[in-house]
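Inspection log for the structure reproduced underneath, given as structure tokens.
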Amino acid sequence: MDRPNLLIHTAISGFTQSVGQWNGILELTEKLREKNCDGVRSRVHYYPWHANFAHVAEYYWAIGEKYGVRPILGVYAYSWGAGRGAIQLAKQLKRRGLSIRVMVLSDPVYHHPFAPWRALRNWCLPLIGEPVIRIPDNVREVYSFHQTQNRPSGHKLISGGQGGGAFIHLQKVLRYDHQYMDNAPEFHDLALAEAAKLCKLAGGKANPIVHQTLRDMREAG
């Protein structure tokens, strides 16, 4: 008997954000659940940017072992959730032989464990260089939205793989301040569109009624 595919969507929020206060990433997780969640076959998880991603990766690996499949993974993240959380998750997944099909990132901000002030700088400094976010080579495709209205603002993305690695699409610049980028309609729309592609890949069915309802609500508001 064929085993069902397992699709896991992961949303990661930014600095100061958590489940204790509603934010754009929590809003996106609910949209993902409404549109693309299908029992054990398709699920949505939310984590803060500084979660223990070794534990998260081990959990995803264990779920795959339980159902005898390799999970199909999509990651949608903002700020340090993109520049730190998503990167740490990818690294930990790589150690377990798992890959991420797509990342959709909103204003990804570089995080240095000993110099967090570098999140506020985008220029190249002598001896140090410029802040750069390296995408692990177990990530297949990356979309990103950036802004230049205020600080912090999204940092440069490069593929960290040797002779290949992630395909990084040309960044799209939006005219929002950083604190509004997690709620950017362009970010949510693309995350939902890519999630729907993964749903189709996994053999599930997206919910067009919910998607149309969300679009109608946004246009009416």
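Numerical summary
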| read-out | value |
| --- | --- |
| Options Ala184, Ala193; residue that is within 17 Å of the chain's Cα centre (by Cα), modelled with pLDDT of 85 or more, among the aliphatic types (A, V, I, L, M) and surrounded by fewer than 19 Cβ atoms within 10 Å (Cβ to Cβ) | Ala193 |
| Close pairs from the stretch 182-196: first more than 18 Å from Leu26 (Cβ to Cβ), partner part of a helix (DSSP H, G or I) and among the basic types (Lys, Arg), Cβ under 9 Å, at least 6 apart | Ala196/Lys35 |
| Residues within the stretch 127-151 that are farther than 17 Å from Gln88 by Cβ, open to solvent by less than 30 Å² (accessible area, probe 1.4 Å) and at pLDDT below 95, tallied | 1 |
| Any hit, the stretch 96-106, residues being open to solvent by 30 Å² or more (accessible area, probe 1.4 Å) and farther than 20 Å from Leu32 by Cβ | yes |
| Cross-chain or 6+ apart pairs with Cβ under 7 Å, the stretch 59-74 first and in a loop (DSSP other than H, G, I, E, B), then surrounded by fewer than 18 Cβ atoms within 10 Å (Cβ to Cβ) | Gly68/Arg3; Val69/Arg3; Pro71/Ile63 |
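The values are calculated or read from the model by the stated rules, or taken from the named source; none is laboratory data. These figures come from a predicted structure and were not determined experimentally. We place every Cβ from the backbone using ideal geometry, glycine too, and count neighbours over all the protein chains shown. Side chains included, ligands, DNA and RNA excluded: accessible areas come from the protein's heavy atoms. Shrake-Rupley method; radii C 1.70, N 1.55, O 1.52, S 1.80 Å.
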